[in-house]
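The values are calculated or read from the model by the stated rules, or taken from the named source; none is laboratory data. Note that the coordinates shown come from a computational prediction; the quantities given were computed from them, not determined experimentally. Note that each Cβ is placed from the backbone with ideal geometry, even for glycine, and that neighbours are counted across all protein chains shown. These area figures cover heavy atoms from the full protein model, side chains too; ligands, DNA and RNA do not enter into them. Shrake-Rupley method; radii C 1.70, N 1.55, O 1.52, S 1.80 Å.
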Amino acid sequence: MKKLRLGVLASGRGSNLQSIMDCCQRGSLAAEVVVVISDKPSAYALERARQAGIAAFGLEIAAFPSKGEYEQAVVKLLQQADVELVCLAGYMRLVGEALLQAFPNKIMNIHPALLPSFPGLHGQRDALQYGVKISGCTVHFIDEGMDTGPIILQAAVPVLSEDTEESLSARILEQEHRLYPEAIQLYAEGRLEVKGRRVYIK
Ligand code: GAR
């Protein structure tokens with residue numbers, strides 16, 4: 001089977017990137033990460049990519065006249081690498097028009113909460129503070145909203161009374177590392193069909 005060409009955008013430590021690269025390496029994911037781009041040039045995700053021999057670029061948004069032009073530069077790098085699916089892995093920015101237009105229905109994200117609950121930058125902390133007993137993670141397609149696109153897969157974890165933001169995040173992260181490659185594999189197999197808000201798995 002032809003490998004799906006992935007471009008990963010990450011702002012931080014890149015453990016989801018690592019799990020995707022590991023699954024590609026093991027052959028449990030029929031894909032290859034061909035480029036990694038970060039809005040934070042010091043992100044450890046870039047280091048992980050370089051260690052794996054993958055092209056890695058840090059683009060400081062402040063170096064561009066506007067967010068639109070920053071995104072155009074990101075799009076150019078993704079297109080130059082012939083990326084077929086863009087995976088956001090801890091990418092802490094709202095995706096804008098340039099990326100959405102260049103990759104319509106071809107951008108996925110992982111979020112550390114059961115959407116539509118607790119969107120935004122602090123999914124785990126917000127769930128804990130709200131007092132829910134179950135949280136988890138969501139893989140979804142990106143649309144113009146903040147964590148609002150069609151949901152592909154979700155996994156639930158319990159929230160325990162002794163949990164801190166760190167312990168809950170770690171429990172969720174374990175599921176993220178399993179769930180994201182699974183969703184990408186479904187995409188690679190052409191098994192995801194989006195109709196309105198619903199994603200059907202064929
Ligand atoms: C992950 O928990 C991911 O779900 C979250 O950031 C973390 C990145 O970890 N993403 C968001 O909160 C997006 N709003 P990683 O860099 O180790 O993959």
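Across segment 125-155, what is the total count of residues that are open to solvent by 50 Å² or more (accessible area, probe 1.4 Å) and without any contact (Cβ under 8 Å) to a residue 40 or more places away in the chain?
6
Hand me the list of strands (runs of 3 or more DSSP E) wholly inside segment 104-202 holding 1 or more residues that are within 11 Å of the ligand (Cβ to nearest atom).
Details: elements: 107-111, 134-141, 151-158, 192-195, 198-201.
Per the criteria, 107-111, 134-141.
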